[in-house]
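Since the structure comes first, as structure tokens, the remarks are kept for the end.
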Amino acid sequence: MLGRVPPAIKYPMVDLQSEVSELWSELSPTVERVLRSGQFIGGPEVEAFEREVAEFLGARHVLGLNSGTDALLLGLEAIGVGPGDEVVTSPFSFFATSEAILRLGARPVFVDVDDDTLNLSAALLEEALTERTRAVLPVHIFGLPADMAGIMEVAERRGVPVLEDCAQAFGARCDGRSVGSIGVMGAFSLYPTKNLGAYGDGGLATTESDDLAARLRSLRNHGSTPHEKYLHDGIGYNSRLDALQAGILRVKLRRLEEWQARRLERVAAYRAALADLPGGDDGLTLPPDRPEHRYHQFTLRLPPERRTRFEEGLRERGVAFTRFYPIPLTRQPVGSDFGVAPVAEKACLRVVSVPIHPWLPDEAVEAVAEAARAAFDLGSKTARAG
């Protein structure tokens with residue numbers, strides 16, 4: 001017997017079609033300009049984008065790359081991470097974070113996350129550092145900056161460089177400074193679903209160091225020297241941001257703060273709609289309500305059995321959802337011998353992210369709230385009010 005066909009998705013996680021429609025009058029001439037230029041790899045468009053991002057972030061050097069994963073990989077290599085080294089990082093992240101470490105022959109050392117923020121716990125950092133530690137790699141998860149003051153205090157005292165994984169946190173600030181400019185280097189993803197996303201793959205690396213910037217420029221272009229074409233002073237990668245993506249990203253960068261304001265309006269709507277749900281370990285946990293949060297994701301936490309019912313309710317109402325992340329990096333097949341992380345492992349059983357973007361309609365917010373109430377057997381808010 002065939003199972004029931006689930007309802008079509010009415011409310012996706014992101015709405016790139018609405019985004020393109022809003023930007024069409026600006027995107028069309030931009031694409032035409034790049035195509036008519038005949039310059040598709042590097043060149044003035046990429047250089048202009050790098051300058052504009054540097055101004056936006058307050059960063060000395062910004063380098064366009066092929067992806068956020070490459071930004072991590074090249075960043076770690078530029079710092080000097082290699083075989084036998086250890087890199088301390090978070091167990092609650094996308095696999096690329098530890099993949100970049102493993103790709104260089106180094107070993108990820110996982111420090112458990114803070115139960116409130118789900119970011120690497122600064123309080124647990126020092127005990128994880130050893131004589132083999134070559135870098136610390138905190139992740140600004142879901143757009144919320146990690147405790148960079150606490151992390152930097154330990155790292156600087158121990159003489160260990162910090163590379164920030166800013167893949168989900170473009171534009172976030174800590175004590176007035178943009179993430180990516182606090183450690184020695186920042187790695188950003190420009191994947192299409194990010195708050196600042198390309199219409200293809202893309203990434204950025206940021207640094208205040210002239211030496212690291214020079215190293216990154218060489219690594220992203222086959223280890224070539226900037227002084228003479230076809231002369232290579234090392235082995236690098238083919239990791240360059242293309243001009244068409246740079247042109248599109250320049251258009252979107254100008255809208256980013258306006259879109260962030262609209263995103264925060266949607267966050268406020270969620271908080272109001274979910275305010276009557278029970279909290280605590282047996283209830284619903286909302287994302288931390290902090291002004292520096294960029295809300296790349298709006299991630300809720302529920303007890304596993306309630307989470308399952310919540311997801312069923314979302315499906316019935318045509319609401320998309322995603323579990324970031326159902327398996328901690330400590331339990332991946334290539335990470336299972338790297339320790340345990342009880343807080344992260346508990347979070348992985350409870351998290352579920354719901355749609356959040358500047359075009360999210362009120363009906364989607366209410367559908368999420370209805371599914372949450374049903375998961376906690378609260379019934380309709382309207383019915384209870386009556």
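Any read-out appearing in this document is the output of simple, stated calculations on the displayed coordinates, not a laboratory observation. From a predicted model like this one, the values you see are computed outputs, not experimental measurements. Neighbour counts are summed over all protein chains in view; Cβ atoms, including those assigned to glycine, are modelled from backbone coordinates with ideal geometry.
The figures follow:
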item	result
Cα-based Lys pair tally, the chain, threshold under 28 Å, eight or more apart or on separate chains	5
With Cα atoms, 0 to 90° folded angle of helix 243-273 axis to the chain main axis	30 degrees
Rg/Rh (Cα only; Kirkwood hydrodynamic radius) as it applies to the range 203-359	1.10
Qualifying trypsin sites (Lys or Arg not before Pro) in the range 41-131, DSSP loop, other Cβ atoms within 10 Å at most 14	ARG60
Kirkwood-Stokes translational diffusion coefficient of the chain, alpha-carbon pairs, 10 °C, 1.306 mPa s, µm²/s	72 µm²/s
Cubic angstrom per residue, convex hull over Cα atoms of the range 299-339	93 Å³
Difference of contour (0.36 nm per residue) and Cα-Cα distance, GLU312 to ARG331	4.2 nm
Loop chymotrypsin sites (Phe, Trp or Tyr not before Pro), the range 73-106 (other Cβ atoms within 10 Å of the site Cβ: 15 or fewer; DSSP)	PHE95
Positive minus negative residues near THR89 (Lys, Arg vs Asp, Glu; Cβ under 13 Å)	-4
Value at 222 nm in deg cm²/dmol, rounded to 500, when DSSP H runs of n ≥ 4 in the chain each add -39,500 (n - 2.57)	-12500 deg cm²/dmol
At q = 0.18 Å⁻¹, base-10 log of I(q)/I(0) for the range 118-180 (Debye sum, equal scatterers on each alpha carbon)	-0.60
With Cα atoms, 0 to 90° folded angle of helix 304-316 axis to the chain main axis	80 degrees
Rounded to the nearest 20 debye, dipole of the chain from Cβ charges on Lys, Arg, Asp, Glu	800 debye
